[in-house]
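**Q** Below you'll find the structure I mean.
The values are calculated or read from the model by the stated rules, or taken from the named source; none is laboratory data. Only a predicted model underlies this, so the values are computations on that prediction, with no experimental measurement involved. For neighbour counting, all protein chains shown are included, and Cβ atoms are generated from backbone atoms with ideal geometry for every residue, glycine included. Ligands, DNA and RNA are stripped out before the accessible areas are found, and what is left, the full protein with its side chains, is counted by its heavy atoms. Shrake-Rupley method; radii C 1.70, N 1.55, O 1.52, S 1.80 Å.
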Amino acid sequence: MKYTLKRKIEEPFLQSKNSIIIGVNNEFIKLTGYSKDELIGKSLYEISFMLRLNDQICIDNIENDYNCYMFTKSCETREITILCKYLEHENEKMYFFKERVNSRIENKFHVINKLLSENKVGIGIYNASNLILLTANQLYLDLLGEYYDRKEIALGKKISEFLHIWEGSKAKEVWMNVVNTGESFYGKEIKIQTKNLGIYYIDNNIIPVIEAGKVKYIISIVEDVTEKILLRKSSEKTEKIIKQQKEELDAIIENMSNSLMIFDKNGSYTTFNKSARDTFLIESINVNKIGDSLKQYRYFDVNKQLIAYENLPAKRVIKGEKLLGYRMVMKINDSVVYADVNGTPIYDNEGNFIAGILCCRDVTGKIKHEEDLLIKTQYNFLNSMIDNLDLPVLRLSYPDFKITDINQKAYNFVKGLKPEIKSISSLKGQNYTEIMPDCDKVSVLKHIRNVLEKKETSYIKYRSIVASGKEMFVQKIYQPIVGINGEITEIVVIIIDVTKEIKDKLHVEENLKMQEEFLANITHELKTPLNVIFSSSQLFELYLKNNSLGDNKDKIRKIIYSTRQNCYRLTKLISNIVDLSKIESGFFELNLSNENIVYIVEDIVQSVSEYVQSKGMRITFDTNSEEKIIACDTDKIERIILNLISNAIKFSEPGDEIYVDVFDKDGTVEISVKDNGIGIAKDCLNIIFERFKQVDKSFARNAEGSGIGLCLVKSIVELHGGKIRVESKLGKGSKFNIELPARAISNLNNIHKNRQQNSKIEMVNIEFSDIYS
Ligand code: ADP
């Protein structure tokens, strides 16, 4: 049927020729929102797309009329009837788009519209006949997935397009049921799988809207509950894991070998595991609160101190202390349990104490093992020490101090004290304090007490004892051997012989005393001549003042003599001190020349014989040879001979005799000076050559002295390569022997200097200056 455009058409239309748009009226433009340019020239197929009709129909396929939904450019939904009219011209058609009266959705569902715009829940409205999405808010579109999340794409599409599977799906069944029965559907936590979003969960309300007795629209209200579900699922899973872990933990706690106890802030126990129940006899006694078990148990610390209630581990934990490996000894009746205790306070988020955990490990077995091991090690060590030590060692049992072991050295020592002891085996088992000499017993007990109290080594300084008839000095060490719990298991006594050290010490003390004496002596020696010289000068001054010099000639002569004598004395002292210092520092030198030693000695004897006679004594020279040339320092030889003669005079009485002999022996020359004076005690013979040594001053002597002379003599003899020795008997006299090597030195310019007699007299005067006139 051909249709001729005769009247003014007010309905929107488009005109096509060969399926291409060749014309639209203004109403059509108004209806669709597209401009003429956007429309003219497009194919009907393209126009169907633009108006999102393509899921319903392609305009080209409409023969007469077709009810459907189109969408404007701005995505508004319009329910329309499209009428097709064929025009007279070949292949030209007119399509009228007639909007149905009162069909606009936005005017229909006021409540829904509000919800749509609020966008709090996802809302999509479909037409019931073919389930095409007519409108939706952004939330709904978002739930359709990335590709469909814009109205331009999603509107006009069938629901089947959005879902992963539609045909045969549960969703289709539900939707079709709503369409067919007109009954709403409410689904909670429905698992949805979209093409783009994957799996998620929704609460879905599918509500039919009925018009004229027929289901016309379907409103789908969707709330995304995925997060909630996942959260719930994960918390369910966590809860399950926690529950499982708790069960496992409970089983572990219950079955662990350590005792575990948990208590609350009031000190009431909430948990005891099996080990704790067994250890603390929980089943048989009533333990509810901290300290309840005190009636059965007593608790001690490692120092064996009773632990007070307030200091029990649980009490300390309540106070906030953390315990790590706190060792405790628990005693019930006769049994002892050692435990290492760990304690931890537990706090809530606000830092309040909510519970305390105590974990006790029974270490009794370990301690016993350690103890055995320690004792064994100590025992082995002691045994090998006692056997191998080069010191006297004894082992004493504790507390009865019986000798349990003794090495050979200690046995020898004890035998020295108590010769009646016959063998080592007879000593074993005897009480140590009985064996020690009586004088030792008190101090032994004192030191053992010291060892017991302080649990540390005690030394007895040194003690003089007489063993095997000899004086001995010993030091004793009392060493307690302490068990693992700090108790003394035995005492080891070590005896150290310190006799040599003590004697050396006494010797040093004696030397010091001697030096003090020497200084006092030297001071006296210096002061005496100086005083004489000083008072002489005062006398002279007085005589001068009185003009009485002439009247006091005899006195003046004496004063001059005494002044000179004292000057000699000073000279001797000073030169002796200087020479001794030179010898000690290695600067003393001999002025050697080949001399007739017989002559030197005879000459010096001759020079002093008159002086000796003036002292009521006699001096005799004898020799077996007239001449013996040896290399020597004449001055020094004269000095030592004079020194020996001077000593002989000093320690002899008038009437006594002095013999000076020179003997030419094989390879040596022996010079001896012998007197029959007071002699020297045997025990002093060794010391008189030492520096500053003088035999007890209380002995009668008619001279002064510094104790340097013999030391100097010995040094000079030794510098000549010779030796000096003394033979003496108290009350009988002394003999000093000098042995010089009898050798001459060939390349010496041997000019025998005939020294002036004056200088020799001077030397005699000096050397004899300390003999009382
Ligand atoms: P000093 O200057 O005191 O005499 P010496 O070194 O010459 O010192 O002598 C040391 C000590 O040796 C003397 O003090 C004296 O006790 C003793 N002594 C030395 N010679 C004799 C002797 N011939 N007779 C007895 N005692 C002597």
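**Q** Filter region 634-687 for residues that are among the β-branched types (Val, Ile, Thr), more than 8 Å from the ligand (Cβ to nearest atom) and open to solvent by 10 Å² or more (accessible area, probe 1.4 Å) and give the result.
**A** Residues satisfying the conditions are Thr634, Thr668, Ile687.
**Q** Right, here's the next one. Taking region 567-580 as the search range and keeping residues that are open to solvent by 30 Å² or more (accessible area, probe 1.4 Å) and either aliphatic (A, V, I, L, M) or in the same structural domain as Ile641 (by the TED database) (or both), which one is farthest from Ile649 (Cα to Cα)?
**A** Filtering first and then ranking leaves Val578.
**Q** State whether the residues of region 507-520 include one that is buried (at least 16 other Cβ atoms within 10 Å of the Cβ), farther than 30 Å from Ser397 by Cβ and within 16 Å of the ligand (Cβ to nearest atom). Break it down into steps so the answer makes sense when it comes.
**A** First, pick out the residues of region 507-520 that are buried (at least 16 other Cβ atoms within 10 Å of the Cβ): 514, 518.
The next check asks that each one be farther than 30 Å from Ser397 by Cβ; those that pass are 514, 518.
Now restrict to residues that are within 16 Å of the ligand (Cβ to nearest atom): 514, 518.
For region 507-520, residues buried (at least 16 other Cβ atoms within 10 Å of the Cβ), farther than 30 Å from Ser397 by Cβ and within 16 Å of the ligand (Cβ to nearest atom): present.
**Q** If you check Ile367 against the conditions, is it at pLDDT 80 or above, of a type in the set (Val, Ile, Thr) and more than 20 Å from Thr433 (Cα to Cα)? Steps first, answer last, please.
**A** Working: at pLDDT 80 or above: yes; of a type in the set (Val, Ile, Thr): yes; more than 20 Å from Thr433 (Cα to Cα): yes.
Yes, satisfied.
**Q** Is it the case, given these coordinates, that Ile57 is β-branched (Val, Ile, Thr) and not assigned by the TED database to the domain that holds Leu143? Break it down stepwise before answering.
**A** Working: β-branched (Val, Ile, Thr): yes; not assigned by the TED database to the domain that holds Leu143: yes.
It is true that Ile57 is β-branched (Val, Ile, Thr) and not assigned by the TED database to the domain that holds Leu143.
**Q** In region 228-257, what residues are closer than 30 Å to Cys360 by Cβ, of a type in the set (S, T, N, Q) and assigned to a helix (DSSP H, G or I)?
**A** Gln244, Gln245, Asn255
**Q** Let me ask something else. Residues of region 282-328 being in contact (Cβ under 8 Å) with a residue 40 or more places away in the chain and surrounded by 13 or more Cβ atoms within 10 Å (Cβ to Cβ), which ones? Working first, answer last.
**A** The initial filter retains those residues of region 282-328 that are in contact (Cβ under 8 Å) with a residue 40 or more places away in the chain, namely 302-304, 313-315, 317-318.
Selection gives Val302, Pro313, Ala314, Lys315, Val317, Ile318.
**Q** Spot the failing condition for Glu223; the list is (1) of a type in the set (D, E, K, R); (2) open to solvent by 100 Å² or more (accessible area, probe 1.4 Å); (3) in contact (Cβ under 8 Å) with a residue 60 or more places away in the chain, and only one is missed.
**A** (2)
**Q** Further, regarding this structure: Given the condition more than 8 Å from the ligand (Cβ to nearest atom), open to solvent by less than 70 Å² (accessible area, probe 1.4 Å) and either part of a strand (DSSP E or B) or at pLDDT below 90 (or both), answer yes or no: does some residue in region 702-718 qualify?
**A** Yes, there is a match, as at least one residue in region 702-718 is more than 8 Å from the ligand (Cβ to nearest atom), open to solvent by less than 70 Å² (accessible area, probe 1.4 Å) and either part of a strand (DSSP E or B) or at pLDDT below 90 (or both).
**Q** Restricting to region 528-566, name every residue that is farther than 30 Å from Gly709 by Cβ and either among the hydrophobic types (A, V, I, L, M, F, W, C) or open to solvent by less than 90 Å² (accessible area, probe 1.4 Å) (or both).
**A** Leu539, Phe540, Leu542, Tyr543, Leu544, Ser548, Leu549, Gly550, Asn552, Ile556
**Q** Which count do you get for residues in region 81-91 that are open to solvent by less than 30 Å² (accessible area, probe 1.4 Å) and in contact (Cβ under 8 Å) with a residue 40 or more places away in the chain? Write out each step before concluding.
**A** First, the residues of region 81-91 that are open to solvent by less than 30 Å² (accessible area, probe 1.4 Å): 81-82, 84, 87.
Adding the requirement that they be in contact (Cβ under 8 Å) with a residue 40 or more places away in the chain leaves 87.
Result for region 81-91: 1.
**Q** Could you check region 1-99 for strands (runs of 3 or more DSSP E) lying wholly inside it with 2 or more residues that are hydrophobic (A, V, I, L, M, F, W, C) and over 27 Å from Lys158 (Cα atoms)?
**A** Counting at least 2 such residues, we get 20-24.
**Q** So, in region 582-609, how many residues would count as being open to solvent by 60 Å² or more (accessible area, probe 1.4 Å), part of a helix (DSSP H, G or I) and farther than 20 Å from Val669 by Cβ?
**A** The number of residues fulfilling the criteria is 3.
**Q** Just a yes or no: is a residue in region 81-96 out of contact with any Cys (no Cβ under 9 Å at 6 or more places or on another chain), at pLDDT 90 or above and charged (D, E, K, R)?
**A** yes
**Q** Run Ser625 past the list (1) part of a loop (DSSP other than H, G, I, E, B); (2) open to solvent by less than 30 Å² (accessible area, probe 1.4 Å); (3) within 16 Å of the ligand (Cβ to nearest atom) and report the number of the one that doesn't hold.
**A** Looking at each condition in turn, Ser625 falls short on (3).
**Q** Something else about it: When residues of region 92-127 are filtered for being open to solvent by less than 50 Å² (accessible area, probe 1.4 Å) and among the polar types (S, T, N, Q), how many remain?
**A** Residues that pass the stated criteria total 3.
**Q** Within region 391-440, count every residue that is more than 19 Å from Ile477 (Cα to Cα) and of a type in the set (Ser, Thr, Tyr).
**A** The qualifying residues number 3.
**Q** It is to be established whether one or more residues within region 358-372 are open to solvent by 40 Å² or more (accessible area, probe 1.4 Å), among the aliphatic types (A, V, I, L, M) and outside any loop (DSSP other than H, G, I, E, B). Step through it out loud before you land on a result.
**A** Just the residues of region 358-372 that are open to solvent by 40 Å² or more (accessible area, probe 1.4 Å), to begin with: 361-362, 365-366, 368-370, 372.
Still in the running and among the aliphatic types (A, V, I, L, M): none.
No, the conditions are met nowhere in region 358-372.
**Q** May I pose another question? For region 388-411, which residues satisfy the criterion of being touching a Pro at 6+ places or on another chain (Cβ under 9 Å), open to solvent by less than 30 Å² (accessible area, probe 1.4 Å) and touching a residue at least 60 places away in the same chain (Cβ under 8 Å)?
**A** The answer is Ala410, and nothing else.
**Q** Can I ask one more? Consider only pairs whose beta carbons are under 9 Å apart and that are at least six residues apart or on different chains; among these, list those whose first residue lies in region 144-165 and is within 17 Å of Phe71 (Cα to Cα) and whose second residue is β-branched (Val, Ile, Thr) and modelled with pLDDT under 90.
**A** Tyr148/Thr194
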